[in-house]
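Right, one structure below, let's go through it.
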Amino acid sequence: MTVSSRVLMAIVALGIMPILGLGGLSKKAAADPLVVDLSNHLVAITTGFTGTNVLLFGAVEDEGDVIVTVRGPDQDMVVRKKERKVGIWVNSESARYKNVPAYYTSAANRPMDIIAPADVLLDYRIGLKNLRFVPESKLNDSDQKVYREALVRNMQSAGLFGERPAKISFLSNQLFRTDIHFPANTPTGTYTINVYLIRDGGVASVKTTPLVVSKTGVSAEVYEFAHRYSALYGIIAVIIAVVAGWIASVAFRKR
């Protein structure tokens, strides 16, 4: 059975035939060592958004290992150290970092340290420990390690950094799939999904596909209004709070 026919069978089994142009995908499978696509290239965040999964699937021409990384838009972050003073925990020293992804997760069909050597993972920035966060503050190596670990720990607690790689399942020797989870607090922006085909400890092929996370509906309109007319939004919020407080006081007074 050829790679092309296997790809078509997998797409039918996954129930996503209407989404894709099957003719184009089957032609690519015969020429490319790695073929990848998503079930959805847009994650729409509405008012009732509670998180979602996006299916990533693909095929390899010959046997090999697959690693997937998902990186959100870069942002600046500040990590603050808390100290106990006079019985109260207060912020003391801090460190600011640039180029911190707003979201990061990965997936692999086997443990990454078995799939590829450490220098390859470092060169391609695969895995949390190989991400480069650029510190704006001057820190020694010891403080740099402490602040970086705290940053990663905070992002993991928020569900925005994956604690461990998700599982990539091979449906045969050539077809694979994995689910990418986006939590309710997923930041908006354009995400970069890299898929690496690893053979003999080296990267044989890389495919990159974008995914957009965007607010839609009423929440998008409120978000845009708040950022475009921040002063007016603040005034309206204060007025609403005052009116709500007045209504509550009247209701309790009558009781």
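What follows draws every value from the coordinates through simple rules; no lab data is involved. Keep in mind that this is a model prediction, so the values were computed, not measured. Using ideal geometry, Cβ is built from the backbone for each residue, glycine included, and neighbour counts are taken over all protein chains shown.
Using r as the Cβ-Cβ distance of residue 170 and residue 204, and R0 as 22 Å, what FRET efficiency do you calculate, to the nearest 0.05? Efficiency computed from Cβ-Cβ geometry: 0.85.
For the range 122-135, 3J(HN,Hα) computed residue by residue from phi via the Karplus equation (6.51, -1.76, 1.60; θ = phi - 60°) reads 5, 4, 9, 6, 9, x, 4, 5, 9, 6, 9, 9, 8, x Hz, glycine and proline entered as x.
Between residue 44 and residue 163, the modelled labels are 3.3 nm apart [label points 7 Å from Cα along Cα→Cβ].
The range 128-173 and the range 48-79 have Cα centres spaced 15 Å apart. Taking amide H as placed 1.01 Å from N in the peptide plane, the amide H of residue 103 sits under 5 Å from that of 72, each at least 5 places away or on another chain. Here the 3J(HN,Hα) profile of the range 200-214, calculated from phi with Karplus coefficients 6.51, -1.76 and 1.60 at θ = phi - 60°, is 6, x, x, 7, 8, 7, 9, 10, 10, 9, x, 9, 9, 10, 9 Hz, Gly and Pro shown as x.
Cα-Cα over 19 Å: which of 81/129; 98/145; 167/215; 81/145; 82/129; 81/138?
Working: 81/129 21 Å; 98/145 16 Å; 167/215 28 Å; 81/145 13 Å; 82/129 24 Å; 81/138 15 Å.
With Cα atoms farther than 19 Å apart: 81/129; 167/215; 82/129.
Here r is the Cβ-Cβ distance between residue 110 and residue 80 and R0 is 41 Å; the resulting FRET efficiency, rounded to 0.05, is 0.60.
Modelled spin-label separation between residue 185 and residue 250, with each label point placed 7 Å from Cα along the Cα-to-Cβ direction: 3.7 nm.
With 28 Å as the cut-off, how large is the P(r) tail for the range 40-194, expressed as percent of Cα-Cα pairs? Here the tail beyond 28 Å accounts for 30 percent of pairs.
Under 5 Å from the amide H of residue 168 lie the amide H atoms of 108, 109, each residue being 5 or more positions distant or on a separate chain, with H modelled from the backbone and absent for Pro and chain starts.
Ordered by packing density, taken as the mean number of other Cβ atoms within 10 Å over each peptide's residues, highest first, how do 70-80, 52-62 rank? Working shown, then result.
Numbers: 70-80: 16.5, 52-62: 20.0.
Taking the mean over residues of other Cβ atoms within 10 Å, the ranking is 52-62, 70-80.
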